[in-house]
Amino acid sequence: MILACVISLVVSLIAGKILIPILRRLKAGQSIREDGPTWHMSKQGTPTMGGLMFIIGIGIAIFVVGFRGMLMGDFVHLYVYGFALVFGVIGYIDDYKKVTKHQNEGLTALQKFVLQLAAAVAFLTLMRFEHLLTPSLYIPFANISIHLNWVVYLVFAAFVIVGTVNAVNITDGIDGLVSSVSVPVALFFGCIAALWGYTQLGVFAAALLGGLIAFLFYNFHPAKVFMGDTGSLFLGGCIAALAFAYDIPLILILVGIIYVLETLSDIIQVGYFKATHGKRLFKMAPLHHHFEMCGWNEVKIVIVFTAVSTVFCALALFGVIDRFSL
C-alpha cells in the first residue's frame, strides 16, 4: 500500500508537470459561473481537466503494485478503477464541450444522468456476477445486515452511486477543497483494507491517496490547475465504488459528510427559494460559497472542511470495525 501511494504520487506529480503546460497551450481554461462569487472571475482561464494527472498516476500504480494479485485472479481493484474511469470519461466529454464552447455548460443534466446511471448498473451487475457484492445493507455501529431483494438493492445502489458522484462534483468549487476533504476518505478505505486483508482494494485506496496529495501540489490555493469534471466525476466514482466493493455503502453518509452537506445546502436553497418566492436561506449555495460570502477565505474553508471530514472518517472507522472478525 505504501508503494502504491508513492508510485501514484510521483507519477501524478510528473504527469502534472507535463500536463499543465499542454493544457495552457490548448487554451483549455475553466469558464467561471457568472452566478458565483464575483471574485472567482479572476480564476477565468485557469487550466482545467487536471484530474487526468491522478487518473494516470492511480492507473499505473494499481497495475504495477497489484500485478501479483492479478496473477492470482483478483481483479477487484481494476473493476473499481474501470468504473471510475467511465465516470472520468463522462466528465472529460463534459469538460471538452465547455472548453470548445467557452461556456460553463457541457452535457445536459439528462445526458449525464442517463450515462451515469447506466455505468452504475453495469458496475453493480458485474460485482454481483463476480460474487464481490451482496444485496445486503450493513448497518454501521449496529453490526447487522439487512438483506434486500436484488432488484430493489440494484435500484437503491445505482441511485446512491449517481448521487455520491454528483455530490463530489458539487464539492469541487474552490481551490483544493474536494481533493483535501477526500484525503481522509482515501485513508479510511486504506485502513479498513489493512484491517480486513483487502489487499487489492487497499492498493487502490493507497494509490488514490497518493494521487490526491500530488494533485494538491498544483490545486491548493492559488490553484494552477482545476481537476474539472474529468477529475471530480472520476473521484466520485472511486469513492462510491470503494464503498460498494467493501460492501458497506451506508458508510458513505459518514465518510462523505462534506459531500452530503454541500448537496443538501444546494437542495435546501432551491426549495426554500421556491417556497418563499425569492428568499434565500444561505447567502449562496453550495455551502462553501455561503462561508465565502460570510468572509472566510478559501484556505480557511478547506482546513475546516477537511478537519470535519477527518473526524467523521475516524468515526466511520469505529462504526465498521466489527464488520469482519480480525
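The values are calculated or read from the model by the stated rules, or taken from the named source; none is laboratory data. Here the structure is a predicted model, which is why all the values come from computation and not from measurement. Neighbour counts run over all protein chains shown; Cβ positions are idealised from the backbone, glycine included. What goes into the accessible areas is simple: the full protein's heavy atoms, side chains included, and nothing from ligands, DNA or RNA. Shrake-Rupley method; radii C 1.70, N 1.55, O 1.52, S 1.80 Å.
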| said: Take the conditions out of contact with any helix residue (DSSP H, G or I) (no Cβ under 6 Å at 6 or more places or on another chain), open to solvent by 10 Å² or more (accessible area, probe 1.4 Å) and closer than 29 Å to Leu117 by Cα and apply them to Ile268. Does it pass? | reply: yes
| said: Would you confirm, using the coordinates I've provided, whether Ser31 is part of a loop (DSSP other than H, G, I, E, B), within 26 Å of Asn297 (Cα to Cα) and modelled with pLDDT under 90? | reply: yes
| task | Looking only at segment 115-124, decide whether some residue is over 19 Å from Ala15 (Cα atoms), part of a loop (DSSP other than H, G, I, E, B) and open to solvent by 50 Å² or more (accessible area, probe 1.4 Å). | result | no
| request: Check segment 36-51 and report whether any residue there is modelled with pLDDT of 95 or more and assigned to a helix (DSSP H, G or I). | output: no
